[in-house]
Amino acid sequence: MKLMCSTKCVSWISCPKIDDATQEPETCKDSVAWVECLPAREISCRLANGTEFTFSGNEVGFNRTVPCRNVSGYSYRVAVALSLFLGWLGADRFYLGYPALGLLKFCTVGFCGIGSLVDFMLISMQIVGPSDGSHYIVDYYGARLTRLSITNETYRKTQSSS
């Protein structure tokens, strides 16, 4: 297998150690984790100067940063289950740290069911999250959502009409 080697972990194996409790890399701090990139075995590389070599798997790798999410203990699965089954009692809002809204939903029986349905959709789409601003605990390869936004710095590529 011939690959052009670079320092981007493209032809390297990157295996962050995942914390069982948070499902994020163990070294996650301020939305960034340092990950050790090690060479894969039997990868042949051709450098820019034409030199070729094959990794045996014993070479020294390098470190790089990968994005991660700061979590504080709120499970996505628990929040969705509470919203689905006990949302009319406000249990989902109490769990996420919104006691005033939880009490209001409890007193109005989930705003006559409509508020429970709306909250279920908002929690399922991860629009409503924990009150402390952290992210949900989601399995490392689970259904995470990333919000995209368009700002003045966003580049729009014009499509050619052919």
So Lys17 and Phe85, fully extended at 0.36 nm per residue minus their Cα-Cα distance, gain in nm 21.0 nm
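Hey, with R₀ at 35 Å, roughly what FRET efficiency would Arg77 and Thr108 work out to, going by the Cβ-Cβ distance, to 0.05? All intermediate terms of the calculation are to be shown ahead of the outcome.
Working: r = 26 Å, r/R0 = 0.75.
Result of the calculation: an efficiency of 0.85.
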Cβ crowding within 10 Å averaged over residues, with 89-100, 22-33 ranked highest first: 89-100, 22-33
How far apart, in nanometres, would the label points at Val32 and Ser134 be if each is projected 7 angstrom from Cα along the Cα-to-Cβ direction? 2.2 nm
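Bear in mind that the values in this text are calculations on the coordinates, not laboratory data. Here the structure is a predicted model, which means the values were calculated and not measured. All Cβ positions, even for glycine, are placed from backbone atoms using ideal geometry, and neighbour counts span all protein chains on display.
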